[in-house]
Structures are given as C-alpha cells and as structure tokens.
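> One structure, as structure tokens, below. Some questions next.
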Amino acid sequence: MPRVAYVNGRYVQHISATVHIEDRGFQFADGVYEVVSIRKQRLIDLEMHLDRLNRSLLELQVPWPTSRRVFRFILKEVIQRNRVANGSVYIQITRGVANRDFAYSKNLKPSIIIYTRKTRQDTLETANVGYKVISKPDIRWKRCDIKTVSLLPAVMAKQAAVEAGAVEAWLVNKQGMVTEGTSSNAWIVTLNDELITRHVDNEILSGVTRNSVLKLAQKLNLVFVERAFSLNEAIHAKEAFCTSSTALVKPVIEIDNKKIGKGKVGPITKILIENYLSYMDTHHEAY
Ligand code: PMP
C-alpha cells in the first residue's frame, strides 16, 4: 500500500508529495511543526500538541489554515489512510507561497503538510537501554520556545553526536547551563534524589513529554524542581535522561564520555519509564 501524505488540501502519494519553490518554509524556514507519537492506535497527548502548535502559529502571526476540528479530522484521516498503529505523525505549517521577500503580506494562505511514519514503539526492555550524549555550545536563536522548522544548529549538533557514537547532544549556554537536547528535554537526578529539569523560558521548547513526565512525577510523589543545571552538575548527577515524543523517556548513562552515577540506568529513571509507558497505553485518544 503506497504511503499517503496530505499537502495543501490534497491526499497525495508520499513519493510525489511536493511544495512550491517559493514556499516561505523552504526559503526562510518561516513555519512551525509538531510531531505526535502514535502508539497502539492512540495519538499521545494530541491536545497538548495542538495547543503548542496554536501558540507557535500565534507567535509567528501565521493564521490557522483550518478550524481545529477540521484539522484534527485531516490528521486522523492521514493516519488511517496509512494504517499506522505505531509511529508518528509529522505536521508542518508554513506562512505560504509568495514572491521572495523577507517582509510578508498578511493575506498569504498558509501551507500545510502532514505525513506519517511507522516505527516500532518502545517496550519496557528496549526503553531500559542507556545511551551516551555529548555536550555542544547552544548556538540557537533566542526564541527556542517556538517550534519552528529553523533547525540548523540542532542538525549540526545532532550530527556531531551521532559521529561521536552518541544519540543526542545536550546544548550548553554561555553561562555553562544545559538548556536542552537538540530534539529532547534534559533531566538529571541529584545525589539527594531530586528530579531536575530546566524551567520553561525562551531558551527551551516546552516539551509535551516533559510536561507529562512532570505530572507523573507529582503523582508518584517524587521530589522535583524546575531549574537550570550546569553541565558539571549533570556529569556528577546520580542519573540523567532525555524526554521527547519520539524518544519517550531515554536513559543517559554517559555525558562527554564520563559515566553518570554507576553508568547504568538508575532507579528513578526506571520508574519514570515504566509509568510513562503505561500512561501512553491508557490515557489517550484512539483515532
Ligand atoms: N526540545 C526540542 C528542541 C525539541 O525539538 C523537542 C522535540 N520536538 C523537545 C524538546 C521535546 O518535545 P516533545 O516532548 O514535545 O516532543
């Protein structure tokens, strides 16, 4: 069965899905995106992703191309047409097509693309594998709270991570503080078992998974603090992990080739993995 993508009002074959050369997304990265995880035919935290998409569009003053109700319908249609039980759906909305000019007319029609990807979803076993991360200077712009498709610094840092045999790069700002990963939020567990993740501000994306894991931590009576932590604190932490819609809760056992804690997946990370997986299997909208 051929893959189907949605492009500006049409369902087309993924292989021949294209956008115009003067789409502002292509020319200026003038657009935003979301990735929603699909697990056992459920869309994980869909409403939170749509809320964040709404915020990103508002910040860039791109109007919603459709009503939220119609948008949700199209999204589910794309997933159904591709028969995705496990994987993710990618959504991108750009300001639209216009003669190339930095300034834009307010009357442009936003472009929408939606497509899916089938992937295996983690089980308890696969999720409990520890990974390496490296650190890289955070050279991104000052509005990392908007989920824009302008991702070059993240692309470069992730590539450096992969070439170093790691899965993620943790980005470090001028003050020596870890902001987040290239495509995930960063967490540590301190020596006195406090769960720490950076507070939300313009230097990080407010992760949907981060949000759900914080709620789980509260339910589990774990002590947590939302504050910045330095790379040095992370290296000397008891445990570390990343969160994102596609990586879920991913244990980190080495940063810059230095072992974190005992160099194994720690007990608090394990509890969060287990609870996050069961949260994914229970709370969400089936399509
Ligand atoms: N930070 C950045 C920079 C990201 O790209 C992502 C993934 N989109 C995240 C954090 C994690 O966000 P979420 O949990 O919503 O996937």
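> What value, in deg cm²/dmol to 500, does the helix sum -39500 (n - 2.57) over DSSP H runs of n ≥ 4 give at 222 nm once divided by the residues of the chain?
Taken over the chain, the calculation gives -8500 deg cm²/dmol.
> Here's another thing I want to ask about it. Does region 217-269 come out rounded, prolate or oblate by the C-alpha gyration tensor, with a ≥ b ≥ c the root eigenvalues, rounded set by a/c under 1.5 and, if not, prolate when a/b is larger than b/c and oblate if not?
Here region 217-269 falls in the prolate category.
> Would you mind telling me the share, in percent, of accessible area of the chain contributed by carbon and sulfur at probe 1.4 angstrom?
53
> Rounding to the nearest 20 debye, state how big the charge dipole of region 248-287 is about its Cα centre with +1 on each Lys and Arg Cβ and -1 on each Asp and Glu Cβ.
380
> So, one more: At 7 Å along the Cα-to-beta-carbon direction for both Gln175 and His20, put a label point, then send me their distance in nm to one decimal.
Output for this residue pair reads 4.4 nm.
> Further, regarding this structure: Among the listed pairs Lys76/Lys147; Lys136/Lys238; Lys40/Lys136, which are separated by more than 30 Å between their Cα atoms?
Table pairs above 30 Å Cα-Cα are Lys40/Lys136.
> Further question: Place a point 7 Å from the Cα of Ile271 along the Cα-to-Cβ direction; which residues of region 230-254 have their backbone N under 16 Å from it?
Counting backbone N atoms under 16 Å from the label point, the list is 238-241.
> Can you tell me how much longer the chain between Thr282 and Leu58 gets when fully stretched, taken as 0.36 nm per residue apart minus their C-alpha distance, in nm with one decimal?
Net length gain for the segment: 77.5 nm.
> Figure the gain on full extension for Ile235 and Asn202 (residue separation times 0.36 nm, minus the Cα-Cα span) and round it to one decimal in nm.
Additional length available on full extension: 9.5 nm.
> If you don't mind, there's one more thing I want to ask. Report the normalised scattering of region 4-118 as log10 I(q)/I(0) at q = 0.12, 0.17, 0.21 Å⁻¹, calculated by the Debye formula with identical scatterers on the alpha carbons.
The Debye formula, applied to the Cα set alone, gives -0.41, -0.82, -1.19.
> Calculate the dipole size of region 4-118 relative to its Cα centre from +1 charges on Lys and Arg beta carbons and -1 charges on Asp and Glu beta carbons; express the result in debye to the nearest 20.
I would put it at about 520 debye.
> Checking the a/c ratio against 1.5 first, then a/b against b/c, what shape does the Cα gyration tensor give for region 60-194?
In terms of gyration-tensor shape, oblate.
> For the charge dipole of region 181-287, defined by +1 on Lys and Arg C-beta atoms and -1 on Asp and Glu C-beta atoms about the Cα centroid, which residue among Gly261, Met280, Val189 has the Cα displaced farthest towards the positive pole?
Positive-most Cα among the choices belongs to Gly261.
> Once each part is reduced to its C-alpha centroid, what is the distance from region 1-80 to region 158-204 in angstrom?
Here the answer is 27 Å between Cα centres.
> While we're on this one: So with the 1.4 Å probe, I'd like the accessible area per residue for the chain, rounded to whole Å².
Accessible area per residue, the chain: 50 Å².
> Among Arg95, Arg69, Arg117, which one moves the most in a GNM of the chain with springs linking Cα atoms closer than 10 Å?
The residue with the greatest mean-square fluctuation here is Arg69.
> Follow-up. Rounded if a/c is under 1.5, else prolate if a/b is larger than b/c, else oblate: which is the chain, with a ≥ b ≥ c the root eigenvalues of its Cα gyration tensor?
Prolate shape, in that a/c is at least 1.5 and a/b is the bigger ratio.
> What does the charge dipole of the chain about its Cα centre add up to, to the nearest 20 debye, if the Cβ of each Lys and Arg holds +1 and the Cβ of each Asp and Glu holds -1?
680
> Taking one equal scatterer on every alpha-carbon of region 124-282, how large is log10 of I(q)/I(0) by Debye at q = 0.12 1/Å?
Each listed q maps to, in turn, -0.45.
> Test of understanding: what is the full-extension gain from Glu194 to Arg81, defined as 0.36 nm times their sequence separation minus their Cα-Cα distance?
36.2 nm
> For the chain, modelled as a Gaussian network with Cα springs under 10 Å, which listed residue fluctuates most, Thr126, Thr243, Thr190?
In this elastic network of the chain, the residue with the biggest mean-square fluctuation among Thr126, Thr243, Thr190 is Thr126.
The values are calculated or read from the model by the stated rules, or taken from the named source; none is laboratory data. From a predicted model like this one, the values you see are computed outputs, not experimental measurements. FYI the Cβ positions are ideal-geometry reconstructions off the backbone, even for glycines, and counts take in every protein chain you see. For the accessible areas, the whole protein counts, side chains as well, though only heavy atoms, and no ligand, DNA or RNA atoms are used. Shrake-Rupley method; radii C 1.70, N 1.55, O 1.52, S 1.80 Å.
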